[in-house]
Amino acid sequence: MTRRPVSFLVFSASLRAGSLNMKLAQLAAAAIGRHEGKADLVPMSAFDCPSYSQDAQAAGFPPGATELRTRLEATDGFVIASPEFNGSMPGAVKNVIDWVSRFRPQPFNAKHALLLSASPSMAGGNRGLWALRVPLEHLGARVYPDMFSLAQAHQAFEVQGHLANQQLADRFDQTIVGFMDLAEAAKHYPCAKTAWVEFLGEQPSSPVDRVDAPHAP
């Protein structure tokens, strides 16, 4: 079956050139393309911002925050490949999330999100992803339940940039496809969208509901 149109912003949360997480983001963008989606792959440097404060905001939003807002609003969801810094997320990605959260309307709300990580450690940076989920879910992003963490990532890539372990490569591809399926269903099929909101603990009849319940024919 042909997939109905769906698009995603894809970026690494690392500012380092040659980052393992940028390699993972590139794999995610390629997988989205193979499965008939559209990927907007952007380096984290495009979103880099000075430290957030209300005083800084009073002087105007920095270009990096505006860039992330614009790209979020142009897509159906986003994929972040994030390293783990001291058991948590990198400060750069938390900082730009804080900046972008100040825009109105707030662009993370109702966007589907997939979190990935790559690390030389045995845990693959997974602790950082659990920390990253918190602000995103607080802002209304629908973070996909399955996260992908690549352990010993410094040894995991072939020269061409693919994952050397076929079992890991298959699981990565399945994670991408499952995420895309959910985002496609939520965009094009209202019943699936309502079911996802209920999974998050909200009710379609709520007076503060963020999603309209489908009307009876």
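The values are calculated or read from the model by the stated rules, or taken from the named source; none is laboratory data. Since we're looking at a predicted model, the values are computed, not measured. Ideal geometry is used to build each Cβ from the backbone, glycine not excepted, and the neighbour counts take in all protein chains shown. Areas reflect the complete protein model, heavy atoms only, side chains present, ligands, DNA and RNA absent. Shrake-Rupley method; radii C 1.70, N 1.55, O 1.52, S 1.80 Å.
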inquiry  = Leaving ligands and nucleic acids out of the surface, order TRP130, TRP99 by accessible area at 1.4 Å, largest first.
reply    = TRP130, TRP99
key: Whether the range 9-92 is rounded, prolate or oblate, judged on the alpha carbon gyration tensor where a/c under 1.5 counts as rounded   = oblate
key: Gaussian network model of the chain, Cα within-10 Å springs - most flexible of ALA118, ALA153, ALA81   = ALA153
inquiry  = What is the ratio of the Cα radius of gyration of the chain to 2.2 N^0.38 Å, with N the residue count, to two decimals?
reply    = 1.02
query = Residue separation times 0.36 nm, minus the C-alpha to C-alpha distance between ARG102 and ASN165: what's the value?
reply = 18.5 nm
task = Of all alpha-carbon pairs in the range 104-157, indicate the percentage at a distance above 19 angstrom.
result = 35
remark   = Those GluC sites (Glu not before Pro) from the range 92-192 that are DSSP loop and have at most 13 other Cβ neighbours within 10 Å turn out to be GLU158
inquiry  = With a 1.4 Å probe and all protein chains left in place, how much accessible area per residue does the chain have, in Å²?
reply    = 50
key: Net charge of neighbours whose Cβ lies under 14 Å from the Cβ of GLN166, counting Lys and Arg as +1 and Asp and Glu as -1   = -2
ask   = Once you mark the trypsin sites (Lys or Arg not before Pro) that are in a DSSP loop and have at most 15 other Cβ atoms within 10 Å, what is the longest gap between them in the chain?
value = 103-209
query = Roughly how many percent of the accessible protein surface of the range 1-62 is carbon and sulfur, given a 1.4 Å probe and a whole-percent answer?
reply = 53
